[in-house]
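Just below is one structure, and these are the notes that go with it.
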Amino acid sequence: MEWQEYQEAVAILYEQAEGIGVVRRNVFLPDKVTGQMRQIDVLIELEAKSHPISILVDAKFQKGKLDVKDIGSSPLLVRAIYTLDYDVCMSVF
């Protein structure tokens with residue numbers, strides 16, 4: 001499996017989860033400071049009790065061990081795009 005196939009599989013997983021919200025693939029959002037476009041593998045948008053919720057999925061496929069840079073890049077991506085409060089939850093498969 002290559003990284004492109006892994007990203008595709010992750011997107012399909014969320015698309016098939018009924019009622020999870022609107023699932024979008026390969027989304028580009030502007031960095032709040034630089035304006036540079038940042039790529040999101042999967043963006044899930046939903047609403048809970050009248051509050052909008054965005055879930056960013058950064059699908060990483062690596063054959064070797066994860067590095068500190070790999071773990072730290074996802075929270076930095078979220079911080080670069082969103083100005084409101086956020087939580088970062090990471091899962092490694």
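For ALA9, the shell of other residues with beta-carbons less than 13 Å away shows a net charge of -3, using +1 for Lys and Arg and -1 for Asp and Glu.
Expected output is a single nm value to one decimal: the length gained when fully extending between THR34 and VAL22, i.e. 0.36 nm times separation in residues minus the C-alpha distance. What is it?
On the way: separation 12, 0.36 × 12 = 4.32 nm, distance 2.71 nm.
Extra length from THR34 to VAL22 when fully extended: 1.6 nm.
Rounded to the nearest whole Hz, the Karplus-based 3J(HN,Hα) values (6.51 cos²θ - 1.76 cosθ + 1.60, θ = phi - 60°) of region 2-10 follow the sequence 9, 4, 5, 5, 5, 4, 4, 5, 5, with x at glycine and proline.
Values quoted throughout were computed directly from the atomic coordinates according to the rules given, and no laboratory measurement underlies them. All of these numbers come straight from a predicted model, not from anything done at the bench. Neighbour counts are summed over all protein chains in view; Cβ atoms, including those assigned to glycine, are modelled from backbone coordinates with ideal geometry.
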